[in-house]
1. What's the magnitude of the charge dipole for the chain around its Cα centre, counting Lys and Arg as +1 and Asp and Glu as -1 at the beta-carbon? Answer in Debye, nearest 20.
2. Give me the dipole magnitude in Debye, nearest 20, for the stretch 118-158 about the Cα centre, with unit charges on the beta carbon: positive for Lys and Arg, negative for Asp and Glu.
3. What translational D, rounded to a whole number of µm²/s, comes out for the chain from Stokes-Einstein when the hydrodynamic radius is the Kirkwood one over Cα pairs, at 37 °C and 0.692 mPa s?
4. Taking a virtual spin label 7 Å from the Cα of A145 along the C-beta vector, which residues in the stretch 10-48 bring their backbone nitrogen under 16 Å of it?
5. Quickly work out the E48-to-M119 label distance, labels modelled 7 Å from Cα along the C-beta direction, and quote it in nm with one decimal.
6. Would you mind putting 103-109, 147-153 in packing order, based on average other-beta-carbon counts within 10 Å, highest first?
7. Per DSSP H run of at least 4 residues, take -39500 (n - 2.57); add these up for the chain, divide by its residues and hand me the 222 nm value, nearest 500 deg cm²/dmol.
8. In the Gaussian network model of the chain, springs joining C-alpha atoms below 10 Å, which of L160, L53, L86 carries the largest mean-square fluctuation?
Amino acid sequence: MDPMREERHLRAPGPRLILLCGLPGSGKTTLARQLAETLPAVRLCPDEWLTGLGFDLFDAPARDRVERRLWAHAQDLLAAGAVVILENGFWDRAERDEKRLRARELGAAVELRHLAVPMEELRRRTALRNSRPGEAVITPELLSAYEAEFEAPAESEHELFDPPAGRGPSGSR
Ligand SMILES: Nc1ncnc2c1ncn2[C@@H]1O[C@H](COP(=O)(O)OP(=O)(O)OP(=O)(O)O)[C@@H](O)[C@H]1O
Ligand SMILES: [Mg+2]
């Protein structure tokens, strides 16, 4: 992006929703933490809320309820003018569309950052994480099943979103 244009966006006031899209291990939480500190922004991480409320990360009904509640909270924060980061993964185009349209109704800018990481690297990172105690284990088979479900954003979809307000590490766009 043209540096002058980016500078204007960095200083641009107003609400902003940042959707972090990507498979397990793609670096959503890592990027969200960096952005939350530098922008600054409010980070809403379903995994942390599930764990904090005592749910298992693979409890699908609990995840659904927590994600719905966090989305309601995100809308309140956007209406109050905040910058909000959601790191749900957003595997489905329909879900990304719904979030973008609703955030725009609230007068917010909306960014989509897809962390496109090669499967080999995702397998390496998740294997490393699996070996740490207390982490949710993502087997290589599960990761392959997730890959088949993941609907990667096309270039034409990226054009529907606003340009980023801050720099992320290489690999996100
Ligand atoms: N840009 C990067 N380069 C190399 N390693 C990275 C990068 N980003 C994250 N990692 C590492 O990859 C692992 C997974 O990162 P992170 O937890 O941020 O992914 P995630 O997308 O949030 O995963 P999940 O969907 O399971 O929550 C961590 O060990 C992290 O340190
Ligand atoms: Mg994460």
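Computed from the coordinates by the stated procedures, all read-outs in this text should not be read as laboratory data. Given the structure is predicted, the values throughout are model-derived calculations rather than measurements. Using ideal geometry, Cβ is built from the backbone for each residue, glycine included, and neighbour counts are taken over all protein chains shown.
1. Details: 25 positive and 29 negative charges, 109 e Å.
Computed charge dipole of the chain: roughly 520 debye.
2. Working: 5 positive and 9 negative charges, 90 e Å.
Computed about the Cα centre, the dipole is about 440 debye.
3. Numbers: Rh = 16.8 Å.
Diffusion coefficient, whole number: 196 µm²/s.
4. Label zone hits: 24.
5. 3.2
6. Details: 103-109: 17.4, 147-153: 12.7.
Output ranking for 103-109, 147-153: 103-109, 147-153.
7. Working: 8 runs with 86 residues, N = 173.
Estimated from H runs of four or more residues: -15000 deg cm²/dmol.
8. Among L160, L53, L86, the largest GNM mean-square fluctuation belongs to L53.
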